[in-house]
Amino acid sequence: MKIGNAPCSWGVFYPEGNSITPAAYLDAVARAGYRVTELGPLGFLGQDPIALGAALRQRDLTLAGAAHVHTLADPASAPVLIEALHRFGRLLPALGARDLILMDESEYYPPHAQGVVDAAGWRGVIRMIQMAGQLMRENYGITLHIHPHVGTCIEREAQIDRMLDETDVSLCFDTGHHGFWDQDVLGYMAKVWDRIGFVHLKNVDPAVRARVLAGALGINASFDQGVMCALPDGAVDIKAVLALLTRRGYAGVVIVEQDPAIGASETPEALARRNLDFLQDALRDALQ
């Protein structure tokens, strides 16, 4: 099992306009003790595999793959997705990475109907997913993993079940997004174990989540309020997740994603280090 981190833990959600430079991010994630990183938004770390490969090797880092957000519920956006997929396809294998995570864009939906699609809209989402999976597999030998995301049409267990039934793609299981709706993280992982090909580790602040579940706080606003908290501090039993992964012989990548809250008392690097220390302790316990 390889443990990595991602640029989103430093608040990097777009290729440009971030508060940290690509070189500073790579320095920080390496200083925090990680040897694996995701790519981040397409373009943030550059698209020259030679230059990026050198930057990774300089810091003893390897690339685990990339995560990409797209408006899957908008059929007119398919050409944009196809263009991005080919860019990933040219870059990732050159850096030894064969995994691409795809998730729906929550900000596409209006606040009063987040994640709501009609029957035609759902069919369009499934077609987009199938197209993306086939394109990456047949052209680049890359495995596509669908990442359920709060505020989209693939977030609840019934929706994930339906997506898995209607496609042949892998699942990127995210502990935080699953736990956001107080769903059974460990039970669902066991249920769909054969489809899990990638894992994202997050945790959920139970107090902030309670405000969302009570209708007192919106989904998007909850992220600013720190709904995705440090791994040791939340409602999801991350140690039990690590124990399950170890017991089942999971040999893939787990990526820590620490969405930063506004006014957080810890720096992203300090949080990254604390999360890694916690996971290393949990792994030692799981192996005993």
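Tabulated values for the structure
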quantity	calculated
Among A119, A210, A261: highest mean-square fluctuation, GNM of the chain, C-alpha pairs under 10 Å	A119
Helix-only CD estimate at 222 nm, as mean residue ellipticity for the chain, using -39500 (n - 2.57) per DSSP H run (n ≥ 4)	-13000 deg cm²/dmol
Among F44, F88, F173, residue whose mean-square fluctuation peaks in a GNM of the chain (springs only between Cα atoms under 10 Å)	F44
Cβ-Cβ FRET estimate between R98 and D285, R0 fixed at 35 Å, reported to 0.05	0.70
Kirkwood Rh and Cα Rg combined as Rg/Rh, the stretch 186-288	0.99
Diffusion coefficient, µm² s⁻¹, Stokes-Einstein with Kirkwood Rh over alpha-carbon pairs of the stretch 74-152 at 25 °C and 0.890 mPa s	182
Alpha carbon convex hull of the stretch 1-108, volume per residue in cubic angstrom	107
Cα-Cα separations in the stretch 130-173 greater than 18 Å, expressed as whole percent	27
Potential extension, A210-D118 segment - 0.36 nm per residue separation minus Cα distance	30.3 nm
The stretch 121-164-the stretch 36-102 distance, computed between alpha-carbon centres (Å)	17
Sites I82 and D60, calculated FRET efficiency, Cβ-Cβ separation with R0 41 Å, nearest 0.05	0.75
Under 5 Å, built H, 5+ apart or other chain: amide partners of H68	I101, L102, M103
Modelled FRET efficiency - R0 25 Å, R247 with W181, Cβ distances, 0.05 increments	0.50
Spin-label zone in the stretch 95-116 - amide nitrogen under 15 Å from a point set 7 Å from the Cα of F13 along the C-beta vector	103-111
When the stretch 2-287 is reduced to its Cα atoms, the Kirkwood hydrodynamic radius in Å	19.1
Simple label model, 7 Å out from Cα along Cβ direction - D224 to A24, nm	2.3
When the convex hull of its Cα atoms is projected in every direction, mean area for the stretch 15-63 (nm²)	3.1
Size of charge dipole - the stretch 2-287 - debye, nearest 20, with Cβ of Lys, Arg +1 and Asp, Glu -1, no other charges	700
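Each value in this text was obtained by applying a stated rule to the coordinates, not by laboratory testing. Keep in mind that this is a model prediction, so the values were computed, not measured. Because the Cβ atoms are built from the backbone with ideal geometry, glycine has one as well, and the counts that use them run over all protein chains shown.
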